[in-house]
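The structure appears below as structure tokens.
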Amino acid sequence: MSNLSLEYLGIIHPTVVHHNMSVAQLTERAVDRGEGILSNTGALCVYTGKYTGRSPKDRFVVDEASIHDQIAWGSVNVPISTEKFEMIYKRMMAYLQNRELFVFDGFAGADREYSLSVRVVNELASENLFIHQLLIRPTQEELDNFVPGFTVIAAPGFKCIPEEDGVNSEAAIIISFEKKCVIIAGSQYAGEIKKSVFSVMNFLMPARDVFPMHCSANVGKDGDTALFFGLSGTGKTTLSADPNRYLIGDDEHGWSKNGIFNFEGGCYAKCIKLSKEHEPEIWNAIKFGALVENVVVDPETRVCDYDDDSVTENTRVGYPVDYIPNAKLPSVAGHPKTVIFLTADAFGVMPPISKLSREAAMYHFVSGYTAKLAGTERGVTEPQATFSTCFGGPFLPRPASKYAEMLGKRIDEYGSNVYLVNTGWTGGPASGEGTRMKLPYTRAMVTAALNGDLEKVEFELDPVFNVMVPKTCPNVPTELLNPRNTWKDKAAYDAAAKDLAARFVKNFSKYEGMDPAVIAAGPKA
């Protein structure tokens with residue numbers, strides 16, 4: 001039991017408040033309460049019920065006077081009134097009375113100059129274990145002087161009433177910037193807690209001249225930092241997990257005047273089709289202290305079946321970053337020498353690697369392009385272009401132009417080289433004659449970008465995508481570098497390339513306040 005009072009939040013009479021429990025204590029409590037079971041490696045395994053992933057249609061931002069003009073309102077940042085928020089909030093606090101609660105105090109931001117102190121109040125011990133491992137764990141001295149700058153309250157058992165509450169379902173994730181609070185109702189998916197903190201950081205950091213980024217980051221032995229942006233399936237985790245480099249973080253970072261810093265103290269990795277052979281770091285991290293979500297576990301042997309997607313394809317594991325052998329601690333590094341945007345172009349028309357000017361970098365950053373394959377979602381029968389603003393659209397409260405300007409400013413200040421790498425198809429579309437770009441070739445291109453080899457070669461302009469393509473690259477067949485050369489039917493390539501370029505142009509037209517030079521740096525339809 002703890003003497004921590006939650007009365008200031010409106011939680012008057014909890015039965016017990018467990019404040020900053022250890023990993024062992026939280027794991028024991030979760031098992032005792034029937035929240036999960038231990039795997040044969042000691043990880044805590046839970047099922048999250050109805051919600052096995054984020055619920056973007058249930059995310060809201062309270063429309064408050066002080067922030068109204070700073071938010072990019074729309075389908076991502078959906079407004080909810082202060083009256084509706086207060087009504088839901090008060091009912092949730094009443095729900096949490098007479099319950100056992102778990103509180104973790106930690107930080108978002110490994111650079112203490114920019115850290116946000118975050119208090120997380122959980123109904124479930126397993127979710128408190130998750131955020132204990134995903135946020136940055138304070139020292140005892142920091143705990144002794146801890147004052148929460150933001151509070152997240154997660155109550156999966158509390159259900160909203162859509163017709164009364166002005167929300168879309170029983171679940172709701174609501175951010176109030178004036179109250180400095182996030183409430184998460186109805187969903188046990190732990191990723192909602194993590195991404196809520198990220199959304200808060202994405203709003204707060206630009207005001208402190210910190211560029212918030214949805215990317216992974218690593219650093220070489222000589223201190224050369226690299227960033228990897230990319231949507232799911234582009235190879236962000238695979239390419240940033242380099243045994244010859246140190247991992248700064250796998251998902252959320254800030255870029256300040258001091259350099260790069262991880263927002264988190266942990267990793268949240270996908271488990272589907274996980275194998276010890278291909279991803280040994282993640283495989284070995286699934287041990288005592290890790291939280292595994294929605295992976296099917298044999299009830300007798302307690303062995304996890306990572307190939308079983310019967311619960312969801314979005315199986316996950318959360319663990320502290322120091323479970324990765326080559327993690328850099330603390331998770332800070334210098335200004336990035338190289339920035340890499342990853343796309344998996346299923347149309348097979350984009351160059352496997354190209355260098356971007358400052359304006360082209362801003363264009364492709366805002367676009368956040370990749371492609372869905374046929375069969376990955378119900379109703380998807382051919383490749384579909386997917387654009388996610390700034391490679392993190394669901395988590396960006398401010399207008400896209402604000403984040404793009406911050407990227408451009410950083411490129412100007414620190415001279416970072418920016419490359420666009422296509423890890424997708426070549427020789428044709430995925431639905432036709434195309435084949436996936438071989439991973440050794442992609443690794444060779446990334447290595448050439450990181451070590452500066454590509455700064456020594458000749459480039460030529462791709463007339464459709466308006467990017468500079470290297471004529472040669474060490475350890476990569478020259479004919480692969482120009483995608484048109486890999487297609488048997490050149491006319492078919494030309495038509496497919498122009499079609500994708502037109503999709504870029506159409507998507508970009510929705511953004512307001514963009515520099516005309518940035519628009520001009522995009523593909524030519």
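The values are calculated or read from the model by the stated rules, or taken from the named source; none is laboratory data. Note that the structure is predicted; figures quoted are calculated from it, not measured. Backbone-built Cβ (ideal geometry, glycine too); neighbour counts: all protein chains shown. Ligands, DNA and RNA are stripped out before the accessible areas are found, and what is left, the full protein with its side chains, is counted by its heavy atoms. Shrake-Rupley method; radii C 1.70, N 1.55, O 1.52, S 1.80 Å.
Would you rank 169, 354 by solvent-accessible area, highest first, keeping every protein chain in place and using a 1.4 Å probe?
Values: 169 25, 354 0 Å².
The ranking, largest first, comes out as 169, 354.
What does the C-alpha gyration tensor say about the overall shape of the range 390-463? Classify as rounded when a/c is under 1.5, otherwise prolate if a/b is larger than b/c, or oblate. Please list the in-between numbers first.
Details: a/c = 2.34, a/b = 1.32, b/c = 1.78.
Verdict is oblate for the range 390-463.
What is the distance, in nm, between label points placed 7 Å from the Cα along the Cα-to-Cβ direction at residue 484 and at residue 272?
The modelled label-to-label distance comes out at 3.7 nm.
Once the mean 1/r over all distinct Cα pairs of the range 462-525 is inverted, what Kirkwood radius in angstroms do you read off?
Details: mean 1/r = 0.0747 Å⁻¹.
13.4 Å is the Kirkwood radius here.
Could you work out what % of the accessible surface of the chain is carbon and sulfur, using a 1.4 angstrom probe and leaving DNA, RNA and ligands out of the count? Intermediate results must be reported in sequence, preceding the final value.
Working: 10690 of 20850 Å².
The nonpolar share, carbon plus sulfur, comes to 51 percent.
Could you give the C-alpha radius of gyration of the range 372-525 expressed as a fraction of 2.2 N^0.38 Å, taking N as the number of residues it contains? Could you put the intermediate results ahead of the total?
Values: Rg = 17.0 Å, N = 154, 2.2 N^0.38 = 14.9 Å.
So the Cα radius of gyration is 1.14 times the expected 2.2 N^0.38 Å.
Stretched out fully, how many nm does the piece from residue 494 to residue 439 gain, at 0.36 nm a residue minus the Cα gap? Mind dumping the intermediate values first?
Numbers: separation 55, 0.36 × 55 = 19.80 nm, distance 2.56 nm.
Extra length available between residue 494 and residue 439 comes to 17.2 nm.
Considering the Cα trace of the range 1-73, what is its radius of gyration and what is Dmax, both in angstroms?
Looking at the range 1-73, its Cα Rg and Dmax stand at 18.5, 52 Å.
Using unit Cβ charges (K, R positive; D, E negative) and no other charged atoms, how large, in debye to the nearest 20, is the dipole of the chain about its Cα centre?
Details: 52 positive and 64 negative charges, 171 e Å.
Roughly 820 debye for the chain.
Could you give the Stokes-Einstein D for the range 201-241 in µm² per second, using the C-alpha Kirkwood radius, 37 °C, 0.692 mPa s? Don't skip to the end; give the middle numbers.
Working: Rh = 11.7 Å.
This corresponds to a translational diffusion coefficient of 280 µm²/s.
Pop the C-beta distance of residue 525 and residue 99 into the FRET formula with R0 = 51 Å and round what comes out to the nearest 0.05.
Numbers: r = 57 Å, r/R0 = 1.11.
E between residue 525 and residue 99, to the nearest 0.05, is 0.35.
With a 1.4 Å probe and every protein chain left in place, tell me how much accessible area residue 19 has, in Å² to the nearest 10.
The value for residue 19 is about 60 Å².
With 19 Å as the limit, write out which pairs from 57/159; 50/276; 195/506; 236/337 have Cα-Cα distances beyond it, or answer none. Mind dumping the intermediate values first?
Details: 57/159 16 Å; 50/276 29 Å; 195/506 28 Å; 236/337 17 Å.
Beyond 19 Å between Cα atoms: 50/276; 195/506.
Answer with one residue from 306, 447, 295: the one whose Cα lies farthest towards the positive end of the charge dipole of the chain, charges on Cβ with Lys, Arg +1 and Asp, Glu -1.
Value: 447.
Provide, as a two-decimal number, the C-alpha radius of gyration of the range 40-119 over 2.2 N^0.38 Å, N being how many residues it has. Spell out each step's value before the answer.
On the way: Rg = 17.4 Å, N = 80, 2.2 N^0.38 = 11.6 Å.
Cα-based Rg divided by the globular estimate yields 1.50.
Quick one: check the C-alpha center-to-center distance for the range 1-72 versus the range 439-501, whole angstrom.
Centre-to-centre distance over Cα atoms comes out at 46 Å.
Quick check on the range 101-224: of the DSSP beta bridges with both residues there, what percent are antiparallel, nearest 5%?
On the way: 13 of 23 bridges.
Roughly 55 percent of the beta bridges in the range 101-224 run antiparallel, per DSSP.
Per residue, how much accessible area does the chain show when a 1.4 Å probe rolls over the protein heavy atoms, in square angstrom?
Values: 20850 Å² over 525 residues.
So the chain comes to 40 Å² accessible per residue, rounded to a whole number.
By how many degrees, between 0 and 90 and to the nearest 10, does the Cα long axis of helix 400-414 differ from the longest principal axis of the chain?
Here the helix axis deviates by roughly 70 degrees.
For the chain, calculate the relative contact order in percent as a whole number, restricting contacts to Cα pairs under 8 Å that are 6 or more residues apart. Working shown, then result.
On the way: 1163 pairs, mean separation 70.5, N = 525.
Relative CO of the chain lands at 13 percent.
What's the FRET efficiency of residue 32 with residue 178 using the Cβ-Cβ distance as r and R₀ = 35 Å, to the nearest 0.05?
Values: r = 38 Å, r/R0 = 1.09.
That gives a FRET efficiency of 0.35.
Please work out the Cα center distance from the range 157-207 to the range 309-338, rounded to the nearest Å.
The range 157-207 and the range 309-338 have Cα centres separated by 24 Å.
Once you put a point 7 Å from the Cα of residue 142 and another 7 Å from the Cα of residue 298, both along the Cβ direction, what distance in nm separates them?
Output for this residue pair reads 4.1 nm.
Treating the Cα atoms of the range 56-212 as identical point scatterers in vacuum, please give the log10 of the normalised Debye intensity I(q)/I(0) at q = 0.15, 0.18, 0.21 Å⁻¹, two decimals.
Here log10 of I(q) over I(0) equals -0.79, -1.13, -1.47.
Summing -39500 (n - 2.57) over the DSSP H runs of n ≥ 4 in the chain and dividing by its residue number, what mean residue ellipticity at 222 nm do you reach, to the nearest 500 deg cm²/dmol? Before the final figure, lay out the partial values.
Working: 14 runs with 135 residues, N = 525.
The helix-only estimate for the chain comes to -7500 deg cm²/dmol at 222 nm.
Place a label point 7 angstrom from the Cα of residue 65 along the Cα-to-Cβ direction, then list the residues of the range 173-214 whose backbone nitrogen is under 17 Å away.
Residues passing the 17 Å test: 177-180.
For the range 268-410, what value does the Rg/Rh ratio take when both radii are computed over Cα atoms and Rh is the Kirkwood radius, given to two decimals? Kindly include the intermediate steps, with their values, before the conclusion.
Details: Rg = 18.9 Å, Rh = 18.5 Å.
My calculation puts Rg/Rh at 1.02.
Choose one of 73, 107, 95: the residue whose Cα lies farthest towards the positive end of the charge dipole of the range 60-114 (beta-carbon charges +1 Lys, Arg; -1 Asp, Glu; about the Cα centre).
Of the options given, the answer is 95.
Of the beta bridges DSSP finds with both residues in the chain, what % are antiparallel, to the nearest 5? Don't jump to the answer; show the numbers that get you there.
Numbers: 56 of 93 bridges.
In the chain, approximately 60 percent of DSSP beta bridges are antiparallel ones.
Within the range 351-495, how many Lys pairs that are eight or more residues apart, or on different chains, come under 21 Å at the alpha-carbon?
10
Using the 2.2 N^0.38 Å rule of thumb for compact globular proteins, work out how the chain stacks up: its C-alpha Rg over that value, please.
Ratio of Cα Rg to 2.2 N^0.38 Å: 0.97.
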